[in-house]
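Below: the structure, in structure tokens.
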Amino acid sequence: MNPIIEMISTGDEVLSGLIVDSNAAWLARTLLDEGLEMSRRSTVGDELSALIDLFNERSLLADIIIVNGGLGPTEDDLTAEAAAKAANLELVEDSRWLEELETFYRDRGRVMPVSNRKQALLPEGAKLIDNPCGTACGFSLKLNRATLFFTPGVPSEFFEMIEHQILPAIRQQSELTQQTRLRRYYSFGLSESWLSDQFKDHLWPEGVTLGYRSDLPTIELKLIARGLDDPKLALDQSEAFLAQKLGHYLMGSGDTPSMGGWFNQQLDKHSVCVIENFSGGLLTQALSEGEYLKHGSWLPALPVELEQLASLARQQFSGLGCQYLLLVGTSSLGRETDGVSIALVTREQFWGKNLRIGRWPHPLMQQLITMAAQDLLRRHLQNAEVLANYHNLETLDSLELCLS
């Protein structure tokens with residue numbers, strides 16, 4: 001069986017919400033990519049007795065605990081002291097890390113503050129974990145059934161320690177015969193409720209489940225295989241069914257739902273121009289990842305009526321010298337307008353939609369419209385229906401027109 005892995009985040013600022021616990025989210029994703037799952041996350045403030053109690057409680061139930069934060073030089077950094085008291089150990093000065101600290105400051109032409117000496121105090125017998133990026137070393141120790149790994153809260157230091165020291169130690173400690181594997185997919189234009197209705201009665205292969213995460217403008221779908229000696233076959237079968245149901249609403253897969261990255265591969269020898277206003281430059285920015293973007297411009301007003309927009313597009317296209325033109329605009333930049341037009345133009349063809357602006361916050365509405373404009377081009381390149389219906393954007397009018 002896979003080990004039971006938990007995380008404890010420490011610090012009053014994390015507990016109160018003054019700092020978003022991005023380290024916890026990153027760790028959960030990183031573990032899942034390794035075929036491991038975090039079973040529980042706890043958050044505790046800077047109180048010695050609370051830290052001791054939580055270390056003792058969770059170490060009776062977990063195999064591996066990653067503790068994050070509280071290793072600094074100030075009085076409220078209590079993690080090392082709490083770990084020592086929980087394990088009935090003395091804090092002892094680690095001569096190796098003290099030397100590292102002194103070298104760290106000497107190399108920068110500074111004298112080490114006396115308070116930093118505290119960062120060399122570790123529970124007796126703890127195994128030091130190197131920190132090449134800062135002054136807070138990590139350490140590990142055994143408590144009850146669990147191995148606890150103590151890490152600094154600074155994200156860059158935490159990431160370095162996890163990737164290069166703690167994950168290898170977990171792999172070595174854990175004999176993983178059964179694996180958890182995750183595949184991510186991204187859809188655009190479908191609602192989460194519609195997706196749920198499509199798949200709620202489907203019998204996935206044993207050990208496979210489907211999850212959702214709404215992250216507008218896209219919805220992430222996750223196929224997770226648990227407890228399988230060889231999850232690839234089950235995931236391949238599940239992926240094929242998922243792709244068949246979603247069709248061209250399936251925008252991409254992998255770790256990053258970047259439309260720009262997809263265009264980088266598809267538009268190698270093509271060129272795109274942009275004219276926009278409502279999207280506030282987001283479309284130009286989104287397409288600027290690759291060398292295919294030839295021109296981006298802003299106009300104070302664009303016709304919402306599609307026949308007028310097609311006429312403007314015909315006039316503009318010939319002077320731009322590109323293969324594809326994307327337009328996003330409204331006749332008024334005020335938020336009281338109902339419709340926003342998006343269009344894809346080639347030398348021969350015009351595809352346009354007039355979309356109703358819903359009650360989304362304005363920045364989110366800009367993101368949705370920007371993605372919808374990109375989706376016109378993506379669908380055209382995939383030989384799919386360009387003017388598809390979107391569940392989260394009401395189509396007021398649409399027009400397909402031959403320009404040649």
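Annotations for the structure displayed:
- Of all accessible heavy-atom area on the chain, the percent that carbon and sulfur account for (1.4 Å): 48
- When the Cα positions of C137, Q237, A24 are compared along the charge dipole of the chain, Q237 comes out farthest toward the positive end, with charges on each C-beta of Lys, Arg, Asp and Glu.
- CD proxy at 222 nm, helix term only [per DSSP H run n ≥ 4: -39500 (n - 2.57); per residue of the chain; nearest 500]: -10000 deg cm²/dmol
- Nearby lysines by direct alpha-carbon distance to K118 (threshold 28 angstrom, same-chain neighbours under 8 apart not counted): K85, K127, K142
- Our coupling estimate for the stretch 116-129, obtained by passing each phi through the Karplus curve with A = 6.51, B = -1.76, C = 1.60 and θ = phi - 60°, is 5, 4, 4, 6, 9, 8, 10, x, 4, x, 5, 8, 5, 10 Hz, Gly and Pro reported as x.
- Amide H contacts for Y212 (H built 1.01 Å from N in the peptide plane; partners 5 or more residues away or on another chain; cut-off under 5 Å): K222.
- In the chain, the DSSP beta bridges split such that about 65 percent are antiparallel, to the nearest 5.
- Restriction of the trypsin sites (Lys or Arg not before Pro) in the stretch 29-116 to DSSP coil positions whose beta-carbon has at most 10 other beta-carbons within 10 angstrom yields R108, R110.
- Computed E for S311/T30 - FRET, C-beta separation, R0 45 angstrom, nearest 0.05: 0.30
- If you wrap the stretch 277-404 in the convex hull of its Cα atoms and look at it from every side, the mean projected area works out to 7.3 nm².
- FRET E, pair D76, Q198, Förster distance 45 Å, beta-carbon r, rounded to 0.05: 0.35
- Size of charge dipole - the chain - debye, nearest 20, with Cβ of Lys, Arg +1 and Asp, Glu -1, no other charges: 940
- Across the options T209, Q119, N389, the greatest Cα extent toward the positive end of the charge dipole of the chain (unit charges at beta carbon of Lys, Arg, Asp, Glu) belongs to N389.
- Under a model in which nothing but the beta-carbon of Lys, Arg (+1) and Asp, Glu (-1) is charged, the stretch 265-402 shows a dipole of about 160 debye around its Cα centre.
- Couplings for the stretch 28-34, taken from phi via the Karplus curve 6.51 cos²θ - 1.76 cosθ + 1.60 with θ = phi - 60°, read 4, 5, 5, 5, 5, 5, 8 Hz in order; Gly and Pro are left as x.
- The stretch 105-242: C-alpha gyration tensor shape, a/c 1.5 cut-off, then a/b vs b/c: prolate
- Probe 1.4 Å, protein heavy atoms only - accessible area per residue of the stretch 59-131 in square angstrom: 53
- Here Rg/Rh (Cα atoms, Kirkwood Rh) was calculated from the structure, and among [x] 0.96; [y] 1.10; [z] 0.99 it sits at label [y].
- The residue list L71, I52, L246 was ranked by how far each Cα lies along the charge dipole of the chain toward its positive end, using unit charges on Cβ atoms, and L246 comes out on top.
- The stretch 15-113, dipole about Cα centre (Lys/Arg Cβ +1, Asp/Glu Cβ -1), debye to the nearest 20: 260
- Unpaired by the 4.7 Å Cβ criterion, cysteines found in the chain: C133, C137, C402
The values are calculated or read from the model by the stated rules, or taken from the named source; none is laboratory data. Just so it is clear, the model here is predicted, and its values are computed rather than measured. Glycine also receives a Cβ, built like all others from the backbone with ideal geometry; neighbour counts cover every protein chain displayed. SASA here: full protein model, heavy atoms, side chains in, ligands and nucleic acids out. Shrake-Rupley method; radii C 1.70, N 1.55, O 1.52, S 1.80 Å.
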